[in-house]
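In what follows, a structure is listed as structure tokens, so that the remarks can point back to it.
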Amino acid sequence: MTKPQRILVTGSSGQLGQSIKEIATDYSGYDFVFANRQQLDLSNETSITAFFEHQTFHVIINCAAHTAVDKAESEPELANQINHLAVQQLADIAKQKNTKLIHISTDYVFNGKQYRPYLETDSVEPQGIYGQTKLCGEKSILNILKNNAIIIRTSWVYSEYGNNFVKTMLKLGQERDSLNVISDQIGTPTYAKDLARAIMSIVQGRVFKHANFTTSIVHFSNEGVCSWYDFAKNIFELANVQCHVNAIETKDYPTPAKRPHYSVLNKVKIKQMVHLTIPYWKDSLKQCITALQGKAL
């Protein structure tokens, strides 16, 4: 009898980690190990070494990250440790133990000045500490693991779990009659459960089954395009929340970290890599809001 493949999911208490945990039962033949910050702390080099000392995995899915974009500006060392140095350490461990690695990265590696969806090959120019440290993490993987790693860049992630734009809007929408939301930043929301399924499609796909596939970068988000303003309007509409949304410009809402004005991702490569139907962002948003309303009952 074939032993199930061991898959480690780091950052298991985050949005994506919890979404993978939710769908894990749909995938037989895998033994999932979910590690949160208490079990595997990427801010601590010793914690990482100790965790892997007596454990081996077929696949590591690294969902852990310092994702507080504005906070990263005042915590550059911590952001660099989690998003770069820890990723470098994971890549070294994966190489030593012949483990395949899937690492989650971000649209923030781009400068946001483009007007067509970003390809994986487009030049990178992060505008803040978060994007810079995530890019350093990508480069570490590409330098250390010439084979057996896939970097997935994604954008605007939300889910039923943790803190995210959807949950914030729903909370504020109940408390206020109107909200100001930025209308000149354009991208695509990503439902964490859809990203989780895309990750498992890669794990099960033909590329991943090769003994030594070439390391590559792919992009994943839901289909479609919107602004944060459009996103907020749709959240209130689907949740039947009576809150007026005012469109404002980025200059009217200054933040410590600069956001990309345009960060739509081209997803042709991942569709070619695995057989994948990517849902339209509004359809996935409806699913998430239905789930959140179900939890609230």
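Kindly indicate whether residue 221 is polar (S, T, N, Q), under 30 Å from residue 26 (Cα atoms) and surrounded by fewer than 23 Cβ atoms within 10 Å (Cβ to Cβ). Criteria not met by residue 221. Listed conditions (1) part of a loop (DSSP other than H, G, I, E, B); (2) touching a residue at least 24 places away in the same chain (Cβ under 8 Å); (3) not β-branched (Val, Ile, Thr) are all met by residue 291, apart from (1). The residues of the range 81-102 that are surrounded by fewer than 24 Cβ atoms within 10 Å (Cβ to Cβ), among the polar types (S, T, N, Q) and under 15 Å from residue 133 (Cβ atoms), listed by number, are 81, 88, 89.
Could you please let me know if residue 105 is buried (at least 22 other Cβ atoms within 10 Å of the Cβ), out of contact with any Cys (no Cβ under 6 Å at 6 or more places or on another chain) and of a type in the set (S, T, N, Q)? In short, yes. Just one residue in the set 201, 221 is touching a helix residue (DSSP H, G or I) at 6+ places or on another chain (Cβ under 9 Å), in a loop (DSSP other than H, G, I, E, B) and within 26 Å of residue 116 (Cβ to Cβ); that residue is 221.
Between 282, 258, the distinction of being touching a residue at least 12 places away in the same chain (Cβ under 8 Å) and touching a Cys at 6+ places or on another chain (Cβ under 9 Å) belongs to 282 only.
When the range 248-297 is limited to residues that are among the hydroxyl-bearing types (Ser, Thr, Tyr) and surrounded by fewer than 15 Cβ atoms within 10 Å (Cβ to Cβ), the one that is farthest from residue 130 (Cα to Cα) turns out to be 290. Residue count for the range 211-260, restricted to those that are modelled with pLDDT of 95 or more and in contact with a Gly (Cβ under 6 Å, 6 or more places away or on another chain): 3. Of the residues that make up the range 248-256, is at least one acidic (Asp, Glu) and either assigned to a loop (DSSP other than H, G, I, E, B) or within 15 Å of residue 181 (Cα to Cα) (or both)? Looking for residues that are acidic (Asp, Glu) and either assigned to a loop (DSSP other than H, G, I, E, B) or within 15 Å of residue 181 (Cα to Cα) (or both), one finds at least one in the range 248-256, hence yes. The criterion of at least 1 residues that are surrounded by fewer than 16 Cβ atoms within 10 Å (Cβ to Cβ) is met by the following strands (runs of 3 or more DSSP E) wholly inside the range 1-79: 5-10, 30-35.
The set of residues from the range 72-129 being touching a His at 6+ places or on another chain (Cβ under 7 Å), of a type outside the set (Gly, Ala, Ser) and within 18 Å of residue 44 (Cβ to Cβ) comprises 78, 82, 83, 87. Would it be correct to say that residue 277 is within 30 Å of residue 151 (Cα to Cα), touching a residue at least 40 places away in the same chain (Cβ under 8 Å) and part of a loop (DSSP other than H, G, I, E, B)? Spelling it out, it is not the case that residue 277 is within 30 Å of residue 151 (Cα to Cα), touching a residue at least 40 places away in the same chain (Cβ under 8 Å) and part of a loop (DSSP other than H, G, I, E, B).
The values are calculated or read from the model by the stated rules, or taken from the named source; none is laboratory data. None of the values given here were measured: they were computed from a predicted structure. Positions of Cβ are generated from backbone atoms using ideal geometry, with glycine treated the same way; all protein chains shown enter the neighbour counts.
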